[in-house]
Each structure stands twice: as structure tokens, then as C-alpha cells.
1. I need the phi-derived Karplus couplings for the range 106-115: 6.51 cos²θ - 1.76 cosθ + 1.60, θ = phi - 60°, integer Hz, Gly and Pro marked x.
2. Just name one of 109, 70, 26: the one whose Cα is farthest towards the positive end of the charge dipole of the range 11-245 (beta-carbon charges, Lys/Arg +1, Asp/Glu -1).
3. Given H placed 1.01 Å from N in the peptide plane, which residues other than close sequence neighbours of residue 237 have an amide H under 5 Å from its amide H?
4. Between residue 66 and residue 241, what is the label-point separation in nm under the 7 Å Cα-to-beta-carbon projection?
5. Spin-label point model (7 Å from Cα, Cβ direction): what's the residue 177 to residue 9 distance in nm?
6. What aspartates and glutamates sit close enough to residue 45 to cross-link, taking a C-alpha to C-alpha distance under 17 Å and skipping anything fewer than 8 places away on the same chain?
7. Suppose every K and R has +1 on its Cβ and every D and E has -1 on its Cβ; what is the size of the dipole of the chain about the Cα centre, in Debye to the nearest 20?
8. Per-residue HN-Hα couplings for the range 228-243, Karplus 6.51 cos²θ - 1.76 cosθ + 1.60 at θ = phi - 60°, whole Hz, x for Gly and Pro?
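What follows draws every value from the coordinates through simple rules; no lab data is involved. Quantities reported herein were computed from a predicted structural model and do not represent experimental measurements. Because the Cβ atoms are built from the backbone with ideal geometry, glycine has one as well, and the counts that use them run over all protein chains shown.
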Amino acid sequence: MGEVALEPDERVDELKGAGIRIIQSPQVFAFSLDAVLLADFAMIKKTSRVVDLAAGNGAVGLFVARKTTNQVTLIELQARLADMAQRSVRLNDLTNVDVHQQDLKDATQIVSKDSVDVVTCNPPYFKVTDQSLTNPNDHLALARHELTTNFQTVCQTAASLLKYQGKAFFVHRPERLEELLSTMAAADLAPKRVRFIHPKADREANMVLLEGIRSGKPAGMRILPPLVVYGSDGRYGEEVQHLLYG
């Protein structure tokens, strides 16, 4: 493992399930379960060329990096988060990961169109309206609210990067599902797999995982068995336990 300097507000956490150490800051950004679930949901082959959009501190890209021998490109708008991701790449001695501070809509300036097997994205979940209460912390507000991008731009960018029949994987909020599916379809990403995440078995879903195939046939969407995060005893369920701790 490489050694890197940390800022005063940073710490190093380990996702044992992926064997990855990652630089986190509660002041700026720390990955949560959605990133872990998205990285697991994404179908990465041994030679998959991968791009992670809105990469944050690099969580999703880092978690999938050892699944492929091909290049994994992380694109993140915020300079501080891109720097954290870059240092985490060095911390893990990952030679197949590159990080770029760039607006995701300009991703094809970095990676050629129609050249990617897999695009992942954990995008901002919340639309911005006159009633929106955005986080006073700019770093967190940009990560959570559609201030600098939106799901339409994410889908269009993903589709432009992907090869024919390449796959896009997203995590989002179930209350926007109708819009999410129609936005994917409009961007030529045929929705193929949907999985709902429930905090507990008797609670409504609070996340949804989505797979789309570039230029895929419109029919054939599968709804997978739900994932329940916590058991009745308040502990992580077996699947989540395995993802977090190996």
C-alpha cells in the first residue's frame, strides 16, 4: 500500500469486502452504503473498460477497480474530492485508475465516445426547486442536489461513452423511478435490471439500483429480489455484512 499525506479533517477507512482503503472527510464527503451497493450491482468483467461519473472521493471506482485489468476512469467536478480520490488511488497502489477533475458532461474530452464497456454513477438525488433546502456546505450540497448536473445529463453522457450494448449502472431514489426509467430510455439506455433497497423488511424502499443497456431492446426489464439492509435485530443483513466486511 502506498503512503499519502492527509488533511487535518481526513481519515482513512477500509472497505474490507473490496480490500480498499479510502480517504474520507465528514466535512467534505464520505461514501455511504449506496456507493457500496452500486459497486456490487455493476457487472464488471475482467477486461471491462469502466468510467465512473460524479465520482466524489472515488468510492465506486475504487471498489470496482480490482475486478478489471482494464482502465477505470473517475470523473469528478470538485477539486477537493478529485484530489482525495487521486490520493486514495495511490494509497491502494492501483495502476489502472486515473482521476480527472472535470464536469461530467465533458467526459468525452477525456475518454473517447463509444469506447467504454461500463459506466457507473451515483448522481445527486435531489432536484433543486424554490423550496429546496440545500446543505450550507457547498461540497455536500453539490453531491446531493442537482446544482451542476442532472440525471438527463448523466444518462446522455453515459450513452455517449458506452459501446453498443455497453452497460450503465445507477443508484437513485425510488420516488423518481418513473422519471428515471423514461430518462434512461430517451438517452438510448434501455432499462434492464431494477433492484429496490429497503432499510428494513417492513419499510418502504429508500434506494433503487438501475441497469441500462446502450441501444438495448425496449422489452425485458427484470425486477430483482429486494435487498434488505438491516435485520429485525438492527444488525446488517447477511448480504450487506458480506459487502462491508468480507
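1. Couplings: 9, 4, 6, 6, 9, 10, 4, 4, 6, 10 Hz.
2. So the residue we want is 70.
3. Excluding prolines and chain starts, which carry no amide H, the hits are 230, 231.
4. The modelled label-to-label distance comes out at 2.1 nm.
5. So the two model labels end up 3.6 nm from each other.
6. In chain and number order, the partners are 117, 211.
7. That gives a dipole near 900 debye.
8. Per-residue couplings from phi come out as 9, 6, 10, x, 5, 7, x, 9, 4, x, 4, 5, 5, 3, 5, 5 Hz.
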